[in-house]
1. For the range A:355-371, give me each residue that is surrounded by 10 or more Cβ atoms within 10 Å (Cβ to Cβ) and either in the same structural domain as residue A:214 (by the TED database) or assigned to a loop (DSSP other than H, G, I, E, B) (or both).
2. Just checking, how many residues over the range B:186-218 are facing chain A (nearest Cβ under 9 Å), in contact with a helix residue (DSSP H, G or I) (Cβ under 8 Å, 6 or more places away or on another chain), touching a residue at least 24 places away in the same chain (Cβ under 8 Å) and part of a helix (DSSP H, G or I)?
3. For residue A:317, indicate whether it is at pLDDT 85 or above, more than 13 Å from chain B (Cβ to nearest Cβ), more than 30 Å from residue A:203 (Cα to Cα) and out of contact with any helix residue (DSSP H, G or I) (no Cβ under 7 Å at 6 or more places or on another chain).
4. Which residue is farthest from the other protein chains (Cβ to nearest Cβ), if the candidates are limited to the range A:382-405 and must be under 19 Å from residue B:129 (Cα atoms) and not in a helix (DSSP H, G or I)?
5. I want to confirm something. Restricting to the range A:176-186 and keeping residues that are in contact (Cβ under 8 Å) with a residue 40 or more places away in the chain and surrounded by fewer than 18 Cβ atoms within 10 Å (Cβ to Cβ), which single residue is farthest from the other protein chains (Cβ to nearest Cβ)?
6. How about the range B:97-113: which of its residues are at pLDDT 55 or above, more than 15 Å from the chain's Cα centre (by Cα) and surrounded by 10 or more Cβ atoms within 10 Å (Cβ to Cβ)?
7. Among the residues of the range A:279-294, are any touching a residue at least 60 places away in the same chain (Cβ under 8 Å) and assigned by the TED database to the domain that holds residue A:205?
8. Going by the conditions given, is residue A:277 at pLDDT below 85 and either surrounded by 15 or more Cβ atoms within 10 Å (Cβ to Cβ) or more than 37 Å from the chain's Cα centre (by Cα) (or both)?
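The values are calculated or read from the model by the stated rules, or taken from the named source; none is laboratory data. This one's a predicted model, so the numbers in the text were calculated from it and none came from an experiment. Here the Cβ positions follow ideal geometry from the backbone for every residue, glycine too, while neighbour counts run over all protein chains shown.
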């Protein structure tokens with residue numbers, strides 16, 4: 001392989017060749033043997049294997065060595081599995097999924113960020129396949145990534161690999177989530193500690209109540225789990241110390257990440273408990289406020305079926321007494337739909353999106369047109385600039401451009 | 001005991017209850033499962049099945065029954081065996097139709113069209129810069145998107161006009177309004193000095209929405225119609241139902257609002273809603 005343009009300083013010949021002499025590349029004159037220039041002695045093995053003339057991707061090597069990102073990804077998958085304490089079988093499955101997904105054309109060219117997220121998604125899919133309850137939010141926290149991105153990558157991955165990953169029900173998530181709360185006597189003060197088992201039991205009942213009252217459907221699971229665990233903790237020992245704790249302080253104490261949505265869920269859950277607490281016979285119709293309801297949670301949960309029945313019947317009575325008065329008001333329903341006015345049949349528990357419905361923009365009544373009508377010229381002209389306007393616009397743009405240049 | 005309930009939850013959807021009733025009738029149904037080619041409808045006499053709503057009551061003793069997620073806590077003792085494994089392969093040979101209802105009664109609710117997307121070919125190359133300069137209602141930012149975005153007030157619509165002469169028109173609430181709007185945009189382009197024509201007007205997508213006026217148990221709907229539904233509350237609050245016939249995607253929300261999209265014709269939206277309404281009624285709180 002001659003190098004073009006070089007001349008041997010000794011004999012002036014143009015015939016210079018590359019000579020790999022004991023791993024030191026040299027340029028040597030073919031006629032007189034003078035060494036024109038020397039390369040560096042290679043010292044490291046990696047240079048020898050990776051500093052070749054032919055690029056690795058173009059080489060004919062059959063067993064392609066895994067690329068660095070794939071290796072990193074597999075390490076990440078293994079690390080996630082160890083943090084979550086998954087079984088060995090699950091770790092293997094997750095790794096296989098990751099390798100398959102990584103090499104698939106859908107994923108080989110995506111950004112590094114997505115590849116990182118892909119590792120977490122493989123772990124999530126494996127957990128779901130083995131019915132190991134884990135929430136997407138947990139993966140989100142572990143990867144510190146955008147939940148939307150995780151969602152997108154996860155769905156694409158499931159579609160690509162064609163795996164069946166049934167989502168876990170919320171009650172299974174509760175047990176795992178509960179274990180994350182550090183409330184044993186060795187972590188917190190005796191008065192504030194609570195065993196995981198008791199907490200899970202009470203929180204499960206609260207969660208069931210929330211689900212019945214439409215607080216769970218369609219919502220993120222983690223905030224409602226946090227809310228039910230918080231209320232369970234408060235109600236298991238409703239001392240003044242515990243009642244003074246806000247949700248934020250509780251999360252800090254239990255070393256769990258704070259959530260901005262969980263306080264709203266706490267309020268909603270307390271409202272539901274108040275509605276039921278109202279029916280406790282020994283209160284004799286006293287007002288139950290969110291502040292006072294925590295002490296009664298024990299009783300409410302033990303007799304919740306009876307209380308629910310009573311609440312429903314008293315609610316129906318209230319509606320019946322109301323309806324003769326409001327019968328005429330119901331005529332002014334919304335114009336958009338010939339729907340049953342909700343106010344007449346409002347039940348005791350409703351999804352919050354129904355109760356606090358967004359105010360819709362006023363619907364313009366659809367005009368009957370044929371689509372082939374005449375289009376008036378004046379209307380079209382109203383959308384076109386006059387020549388004067390065009391001139392003004394161009395001048396203004398030039399003035400703006402020149403002032404920018406001056407700056 | 002509560003721990004046991006918590007540990008082994010089998011949520012039993014309505015369809016399993018149907019299958020259980022069928023099993024009690026006799027082995028004829030189960031034998032028909034092994035012959036997938038036969039038209040299953042002919043073999044089955046489903047007249048004895050209770051109506052959906054009363055079936056709900058019959059299986060639950062409690063008032064607070066309706067939670068689809070926690071059914072199993074109360075029914076676990078009554079149905080230990082899990083025929084789910086048997087029933088599911090059957091479900092795929094069983095043509096995926098709605099659970100038994102008597103004659104499909106009209107729901108009385110008509111979905112309203114909210115958006116229609118159409119395309120038309122103006123059949124002449126366009127100078128987008130000149131259009132953006134001469135038109136009042138146009139915006140053109142080539143660095144962001146290589147088309148002019150033009151809007152008209154009546155009907156309230158938006159058009160994307162490309163330099164090849166193709167145009168996309170969106171925002172109209174009916175097919176006729178869409179056609180009228182597209183013609184108005186073409187007329188504007190004509191007035192700006194281009195020999196625009198109006199070829200191949202075609203509607204590509206129609207979106208409708210309506211309200212069934214009762215809350216819906218999305219978890220229950222997911223269990224019953226697993227093969228069509230996708231419900232991931234962590235990502236999206238609604239359940240996405242991909243109906244096969246007609247090929248429409250529905251987004252069903254807990255409040256009872258339903259959004260239907262993917263239709264090429266108005267009647268597909270109406271048909272899809274008539275198909276889904278009896279299914280949703282089955283998940284209504286009694």
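1. Across the range A:355-371, the qualifying residues are A:357, A:363, A:366, A:367, A:369, A:371.
2. 1
3. When the stated conditions are applied, residue A:317 passes them.
4. Checked the range A:382-405; the qualifying residue farthest from the other protein chains (Cβ to nearest Cβ) is A:386.
5. Taking the candidates together, the pick is A:182.
6. B:105, B:107, B:109
7. yes
8. no
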